[in-house]
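Everything on this sheet refers to the single structure shown next.
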Amino acid sequence: MWFIIWAPLVALLEYGTHRWIQHRGNRILDPKLEHLKDHGAHHRGADDRTYVDAPLKDVLLIASPVFILLAAWGLAAGALTAVVTPGAALLIWIFLHSYLWTCIHRAVHGIESNWFGRTGPLLRFYRARHLKHHANARVNFGAVFPWTDYLFLTARS
């Protein structure tokens with residue numbers, strides 16, 4: 001159940017990170033603006049793994065406030081064990097999202113021949129969306145979860 005509950009949160013974290021940290025910069029979350037600079041280099045054609053992958057440490061950092069809130073909830077409830085299951089489900093989502101972003105992004109850019117590169121229509125859908133994002137950096141921010149672009153009216157087909 002917690003795995004299903006966390007899915008929309010992970011999708012919103014992905015969208016927000018891509019749109020407001022990688023494209024606009026945020027000195028609170030990224031003081032040296034490294035993600036903004038690296039992502040800009042990627043949009044200008046740099047496709048090595050430094051610019052394409054979603055490092056697990058970055059995804060964990062973005063989700064860390066949620067883990068802190070879970071721990072606070074457990075302390076307030078009187079038992080940290082009450083948050084073990086939701087915390088584990090969120091951690092699984094973090095690992096899964098990092099893996100999916102990396103596989104999808106590598107396949108879309110032709111960097112790696114992986115399982116996602118063999119999905120036919122799904123690959124073509126994601127590739128078309130992503131290349132439109134590269135052509136217009138104000139649209140199609142949902143890399144793993146395209147539905148977030150429909151929610152925030154940034155989807156372009």
Fill in: Residue within segment 48-65 that is surrounded by fewer than 15 Cβ atoms within 10 Å (Cβ to Cβ), of a type in the set (S, T, N, Q) and modelled with pLDDT of 85 or more present
yes
Worksheet item: Among the helices (runs of 4 or more DSSP H) contained in segment 1-59, which hold 2 or more residues that are under 26 Å from Pro86 (Cα atoms) and touching a strand residue (DSSP E or B) at 6+ places or on another chain (Cβ under 6 Å)?
Response: none
Worksheet item: In this structure, does Pro86 turn out to be in a helix (DSSP H, G or I), over 21 Å from Arg138 (Cα atoms) and either touching a Phe, Trp or Tyr at 6+ places or on another chain (Cβ under 6 Å) or polar (S, T, N, Q) (or both)?
Response: yes
Worksheet, complete the sentence: Condition set open to solvent by less than 20 Å² (accessible area, probe 1.4 Å) and part of a helix (DSSP H, G or I), scope segment 103-118, selection farthest from His133 (Cα to Cα): answer is Phe116
Item to complete: Taking the residues in segment 119-157 that are basic (Lys, Arg) and in a helix (DSSP H, G or I) as candidates, determine which candidate is farthest from Gly40 (Cα to Cα).
Response: Arg124
Practice prompt. Report whether or not Ala135 is free of Cβ contacts under 8 Å to residues at least 12 places away in the same chain and open to solvent by 20 Å² or more (accessible area, probe 1.4 Å).
Written response: yes
Item to complete: Scan Ala77, Ala88, Ala72 and give me the residue that is of a type in the set (A, V, I, L, M) and within 16 Å of Ala7 (Cβ to Cβ).
Response: Ala88
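The values are calculated or read from the model by the stated rules, or taken from the named source; none is laboratory data. If you're wondering where the values come from, they're calculated on a predicted model, not measured in any experiment. As a convention, Cβ positions derive from the backbone with ideal geometry for all residues, glycine included, and neighbour counts pool all protein chains shown. All accessible areas refer to the heavy atoms of the entire protein, side chains included, with ligands and DNA or RNA removed. Shrake-Rupley method; radii C 1.70, N 1.55, O 1.52, S 1.80 Å.
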